[in-house]
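Below: the structure, in structure tokens.
The values are calculated or read from the model by the stated rules, or taken from the named source; none is laboratory data. In this text, all values refer to a predicted model and were calculated from it rather than measured experimentally. Don't worry about glycine lacking a Cβ; one is built from the backbone with ideal geometry, like all the others, and counts go over all protein chains shown.
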Amino acid sequence: MREFEVRKPAAVILAAGSSSRMGQTKPTVLLEGLPMLLHAAKTFVDAGIDHIVVVTGFDAEKVAELAREHGLHPVYNKRFSEGMFSSVLAGIGAVPLDFDAAFVLPVDIPFVSPATVGAILGAMGTRPIVVPRHWGRPGHPPLLHRAVFDSLGGWHGPDGLGGFLRMRSSDVDYVDVDDRFVLRDIDSKVDLEQILLDRKCT
């Protein structure tokens, strides 16, 4: 019996960071002709998820305008300078009540396969959190059932979402995926060049 069935999932893309190492607003950086934010969103759209929250902060107006132009739902995190976990909370808090779960994906992990999203959804069952894993390493995006939203909001321990997942380890299921991009983030121009080269070699 599936205790935590997901009938209507949403997605949260974390796009509030200052992008200091990239040197420009990361969500708007072009990758293969498309802004990074839209690559991340396409992952979910192609997996059939049509409500995507985009958490803005640094350069908020520019990122929000891009999001709205493509049918995404921007929400401003006024506490974005406090770190990524504040954006996780802002995004989860903006998920409408009729959605029973949400994926959480940093904008700089833009190339996760839609098939991976489908595999994560299919693995939700007896536990309220599902995390993809590639070669034994946990990656993004985790899927959180609404049953844990309140306890996530009350988490004040270390390491943000990662710390919360470790604290709730008995509530986490893992799904092994053949998708190395669940582990690949883009923090700098060197990372960007390397991931694009890897994509060409796929």
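Looking across V95, V55, V112, one residue alone is in contact with a Ser or Thr (Cβ under 7 Å, 6 or more places away or on another chain), within 22 Å of S151 (Cβ to Cβ) and of a type in the set (V, I, T). It is V55. The set of residues in the stretch 112-144 being farther than 17 Å from V53 by Cβ and crowded, with 24+ Cβ neighbours inside 10 Å consists of I120, V130, P132.
The numbered conditions (1) within 17 Å of the chain's Cα centre (by Cα); (2) without any contact (Cβ under 8 Å) to a residue 40 or more places away in the chain are all true for A47 except (2). Does the stretch 38-50 contain at least one residue that is under 18 Å from D98 (Cα atoms) and either out of contact with any helix residue (DSSP H, G or I) (no Cβ under 9 Å at 6 or more places or on another chain) or at pLDDT below 95 (or both)? The answer is yes; a qualifying residue exists.
Listed by first and then second residue, the pairs with beta-carbon distance under 6 Å, at least 6 apart or on different chains, first residue in the stretch 56-85 and on the phi > 0 side of the Ramachandran plot, second modelled with pLDDT under 95, are D59/T25. Looking only at residues in the stretch 50-62 that are surrounded by fewer than 22 Cβ atoms within 10 Å (Cβ to Cβ) and of a type outside the set (D, E, K, R), the one that is nearest to V6 (Cα to Cα) is H51. Considering the stretch 65-137, the qualifying strands (runs of 3 or more DSSP E), each wholly inside and each with 3 or more residues that are under 27 Å from V177 (Cβ atoms), run over 101-106, 129-134. Considered as a group, the residues in the stretch 143-171 that are touching a Pro at 6+ places or on another chain (Cβ under 8 Å) and in contact (Cβ under 8 Å) with a residue 24 or more places away in the chain include one that is farthest from V88 (Cα to Cα), and that residue is D171. Of all residues in the stretch 13-33 being more than 20 Å from A90 (Cα to Cα) and surrounded by 13 or more Cβ atoms within 10 Å (Cβ to Cβ), which is modelled with the highest pLDDT? Here the answer is T28. Within the stretch 166-189, if we keep just the residues that are under 20 Å from A40 (Cβ atoms) and assigned to a helix (DSSP H, G or I), the residue that is farthest from the chain's Cα centre (by Cα) turns out to be K189. Identify, by number, the condition in (1) touching a helix residue (DSSP H, G or I) at 6+ places or on another chain (Cβ under 6 Å); (2) touching a residue at least 60 places away in the same chain (Cβ under 8 Å); (3) under 22 Å from S169 (Cα atoms) that G125 doesn't meet. Failing condition for G125: (1).
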